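One structure is given below, encoded as structure tokens.
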Amino acid sequence: VNADILNNGSIGSSAFNGCDKLFTANIQSVGAVGNSAFCDCSSLQNLTIGEAVNSLGYSAFKNCSSLKESVIPDNIRVMGVYCFENCASLQKVAIGTGVRTLNDATFRNCSSLVDINIGVNVDSIRYDVFSGCSSLPAIKIPKATKRIRDRVFDDCTKLLLVVFEDRKDSIVLGC
């Protein structure tokens, strides 16, 4: 099943939760994706988020175990906690310039994640964001980031390099 979502409202909480036959979601002209809207869509492989979307609710794509890539456009301001948690096949993520905070456990247990591009305006990385991303080899933290909370890289067993872009001031790291 493919879903083209083209309305001017929002996608309600748990709207597609558990739709295990959903393979593609093309989200356009929607202001917000509700909490758990696509949670447990185990067959979701292709996700397109349009420029009209401004927020992704908590657990919006949690447990989408077949999703391989996600591009978060510049217009997204909020990514809820657990947004992509347990997306075991997720390999590549690009976060746009609108996101300021990576909320708790956003990408926790995305065990196939190898490529993450954090938007330049992210100023806070909250608890457990990349915890359990056991394939992640390296990450670049943008200059705007002032705070990194506890357990952000917990169980990132292949993480060898953390680059802090153009750092001239201090940064608070949680341990």
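The values are calculated or read from the model by the stated rules, or taken from the named source; none is laboratory data. Just so you know, these numbers come straight off a predicted model, no measurement behind them. For neighbour counting, all protein chains shown are included, and Cβ atoms are generated from backbone atoms with ideal geometry for every residue, glycine included. Only protein heavy atoms, including side chains, enter the accessible area calculation; ligands, DNA and RNA are left aside. Shrake-Rupley method; radii C 1.70, N 1.55, O 1.52, S 1.80 Å.
Here are the numbers for this structure:
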item	result
Any pair with Cβ under 8 angstrom, 6 or more apart, that starts in segment 126-141 at a residue that is in contact (Cβ under 8 Å) with a residue 24 or more places away in the chain and open to solvent by 10 Å² or more (accessible area, probe 1.4 Å) and ends at one that is hydroxyl-bearing (Ser, Thr, Tyr) and part of a strand (DSSP E or B)	126/101
Complete set of residues in segment 1-23 that are part of a strand (DSSP E or B) and open to solvent by 40 Å² or more (accessible area, probe 1.4 Å)	2, 4, 10
Residue check for residue 85: open to solvent by 50 Å² or more (accessible area, probe 1.4 Å) and within 12 Å of the chain's Cα centre (by Cα)	no
Residues of segment 71-93 satisfying the condition of being part of a strand (DSSP E or B) and farther than 16 Å from residue 125 by Cβ	71, 92
Scan of segment 126-142 for residues that are among the charged types (D, E, K, R) and in a loop (DSSP other than H, G, I, E, B), ordered by number	126, 128
First in segment 105-122 and under 18 Å from residue 59 (Cα atoms), second anywhere and open to solvent by 20 Å² or more (accessible area, probe 1.4 Å) and polar (S, T, N, Q), Cβ under 7 Å, 6 or more apart	109/86; 111/134; 111/135; 113/91; 113/135
Sole residue being over 24 Å from residue 115 (Cα atoms) and among the hydroxyl-bearing types (Ser, Thr, Tyr), chosen from 13, 66, 55, 42	13
Members of segment 24-48 found to be more than 14 Å from the chain's Cα centre (by Cα) and either of a type in the set (Phe, Trp, Tyr) or outside any loop (DSSP other than H, G, I, E, B) (or both), listed by number	24, 25, 26, 27, 32, 46
Residue within segment 39-49 that is open to solvent by less than 10 Å² (accessible area, probe 1.4 Å) and of a type in the set (S, T, N, Q) present	no
Those residues of segment 49-65 which are part of a strand (DSSP E or B) and either within 16 Å of residue 81 (Cβ to Cβ) or among the hydroxyl-bearing types (Ser, Thr, Tyr) (or both), in sequence order	55, 56
